[in-house]
Amino acid sequence: MAVSAITPEQFVQRDGQDIGTSDWFEVTQEVIDKFADATGDHQFIHVDPERAKATPFGSTIAHGFLTLSLMPVMAYSVLPPVESTKMGVNYGFDKVRLMAPVKSGKRIRSNFKVKEAKERGKGILQAVYDVTVEIEGEDKPALKAEWITLTYV
């Protein structure tokens, strides 16, 4: 989905606004395997489908940090860019809760709500987003987080 750019002034007026829900992202076994290679975390529950069948999950599951790391790709489909942006960076998280495993082959998407948007300094905008990552067809979300970003304009 195409998202129209907003001005820095519009950015700081977004406190409390529900921005919307991202496009779906499929968490394939290939994505999980690549994340395992990148992080060195090759626990069988993530990378060995045969062994994982014998667990309570019945299949491999994504690393919790993989699910967290997919938030930016989901954000691109729903968060409006700010005009004149020079760069954007992750500043961190105030809270992250991994609530339910994401099984290989499932689709996830994120809902973004602006908890706080402000000018942090000359040319620096800060946003705190309440993010809920849902799993298609499941009642319990994969994770909830308070995500802090900085945008340099």
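The values are calculated or read from the model by the stated rules, or taken from the named source; none is laboratory data. Quick caveat, the model's predicted, so the values are computed rather than measured. Neighbour counts run over all protein chains shown; Cβ positions are idealised from the backbone, glycine included.
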key: Count - residues of region 1-24 that are assigned to a helix (DSSP H, G or I) and exposed (fewer than 15 other Cβ atoms within 10 Å of the Cβ)   = 2
task = Within region 25-46, count every residue that is part of a helix (DSSP H, G or I) and either surrounded by 12 or more Cβ atoms within 10 Å (Cβ to Cβ) or of a type in the set (Val, Ile, Thr) (or both).
result = 11
Which numbered condition Lys118 fails, given (1) closer than 20 Å to Trp147 by Cβ; (2) within 19 Å of the chain's Cα centre (by Cα) = (2)
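For (1) over 14 Å from Trp24 (Cα atoms); (2) aliphatic (A, V, I, L, M), each residue gets a yes or a no:
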{"site": "Pro101", "(1), (2)": "yes, no"}
{"site": "Arg109", "(1), (2)": "no, no"}
{"site": "Glu116", "(1), (2)": "yes, no"}
{"site": "Val128", "(1), (2)": "yes, yes"}
{"site": "Val133", "(1), (2)": "no, yes"}
{"site": "Leu150", "(1), (2)": "yes, yes"}
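Among the residues of region 48-68, which ones are part of a loop (DSSP other than H, G, I, E, B), of a type outside the set (Gly, Ala, Ser) and out of contact with any Lys or Arg (no Cβ under 8 Å at 6 or more places or on another chain)? Full working, then the answer.
Step one: of region 48-68, the residues part of a loop (DSSP other than H, G, I, E, B) are 48, 53-60, 62-63.
Now narrow it down to the ones that are of a type outside the set (Gly, Ala, Ser): 48, 53, 55-57, 60, 63.
The answer is Asp48, Lys53, Thr55, Pro56, His63.
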key: Filter pass, Leu150 being at negative phi, of a type in the set (A, V, I, L, M) and within 13 Å of the chain's Cα centre (by Cα)   = no
message = Where the second residue is of a type in the set (A, V, I, L, M, F, W, C) and exposed (fewer than 15 other Cβ atoms within 10 Å of the Cβ) and the first is farther than 16 Å from Val73 by Cα and at pLDDT 95 or above and lies in region 102-120, which pairs have Cβ atoms under 8 Å and are six or more apart or on separate chains?
response = Lys103/Phe57
request  = Would you tally the residues in region 127-153 being surrounded by 16 or more Cβ atoms within 10 Å (Cβ to Cβ) and in a loop (DSSP other than H, G, I, E, B)?
outcome  = 3
request  = Collect the residues in region 2-15 that are of a type outside the set (A, V, I, L, M) and more than 20 Å from Leu150 (Cβ to Cβ), keeping them in residue-number order.
outcome  = Ser4
ask   = Residues in region 105-120: is at least one surrounded by 19 or more Cβ atoms within 10 Å (Cβ to Cβ) and of a type in the set (Lys, Arg)?
value = yes
